[in-house]
Amino acid sequence: MYRKIISLFLALQITSFGLWYGVKAVGEETATEPVLVTKNDIINHEAAKTVRKNAPQQPFSHMSFAARNEERQYTLLNPDRKKEIASVLAKLPSDHLSTLKNLVLDYNPKAHRGLGGKSLIILRAVDMDETELYGVLIHEIGHSVDLGHLSEVKRKKISEFNDGKKPVYETDPSLEFYRISWTDEKTRKRDASNLDFVSGYGLSDPFEDFAECYVYYVLHNK
């Protein structure tokens, strides 16, 4: 029985890695494959219904929505995309969105599906159904939570981790998560196996590991 369980986990991880192979890491454009979520998981959530009912109002006054590369045929799609995004935001804790200031919908079909940072998220608004959009959006919000909401208290001692050229300081709460499986931003711990990660993309670096775990916790709570 034990061997069968291990074999099943290995098969799932191989499949996951195949789905995520070739996707760019954080620091440039961040793209994700759709996760296991249905339209009903979010659109029919009680908070989402409230947002749709009061759609003319702005439920996130600190946040700015913008569109780029928007052609005439997309003008009717834009409000629908905003409602879908608002339904996701309404389900998340407000403090997780505290540093997210700008959300841009990119209507270029060749644009990367997602780009996320501390205060800015850019989503490709075309050629993605609701399910895929939700997964990409929540992944990018995970980066905002990691880099913004969970920020350092004091910038004195530098840790062994760097986010590109930016050092991660010892008071950054995210270090507690990074150090579970990583010795620095490029190196996994020797005892960290593929089975310790929720997806193949989570193996990229500690920042993608965090964002992937955030997606799975938000959608599945496990």
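Computed values, structure above
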{"quantity": "Residue tally, condition within 20 Å of ASP95 (Cα to Cα) and small (Gly, Ala, Ser), over the range 140-198", "calculated": "5"}
{"quantity": "Qualifying residues in the range 67-102 (those that are touching a Leu at 6+ places or on another chain (Cβ under 7 Å) and not charged (D, E, K, R)) - the one nearest to GLY142 (Cα to Cα)", "calculated": "LEU97"}
{"quantity": "Subset of the range 104-121 that is in contact with an Asp or Glu (Cβ under 8 Å, 6 or more places away or on another chain) and surrounded by fewer than 19 Cβ atoms within 10 Å (Cβ to Cβ) - its residue that is farthest from HIS220 (Cα to Cα)", "calculated": "PRO109"}
{"quantity": "Any hit, the range 147-165, residues being modelled with pLDDT of 90 or more and polar (S, T, N, Q)", "calculated": "yes"}
{"quantity": "Which numbered condition ARG124 misses (of (1) touching a Leu at 6+ places or on another chain (Cβ under 6 Å); (2) crowded, with 22+ Cβ neighbours inside 10 Å)", "calculated": "(1)"}
{"quantity": "Long-range neighbours under 6 Å by Cβ, at least six apart or interchain, first residue surrounded by 14 or more Cβ atoms within 10 Å (Cβ to Cβ) within the range 171-199, second part of a strand (DSSP E or B) and among the aromatic types (Phe, Trp, Tyr)", "calculated": "TYR178/PHE161; ASP184/PHE161; GLU185/PHE161; ARG188/TRP182"}
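Let's see how each residue does on (1) under 23 Å from TYR217 (Cα atoms); (2) buried (at least 16 other Cβ atoms within 10 Å of the Cβ); (3) modelled with pLDDT of 70 or more:
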site	(1), (2), (3)
HIS45	yes, no, no
ARG52	no, no, no
ALA55	no, no, no
PRO59	no, no, no
ASP80	no, no, yes
SER87	yes, yes, yes
ALA90	yes, yes, yes
ASP95	yes, no, yes
ASN102	no, no, yes
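The values are calculated or read from the model by the stated rules, or taken from the named source; none is laboratory data. All values derive from a computational prediction rather than experimental measurement. A quick note on method: Cβ atoms are made from the backbone with ideal geometry, for glycine too, and the neighbour counts reach across all protein chains shown.
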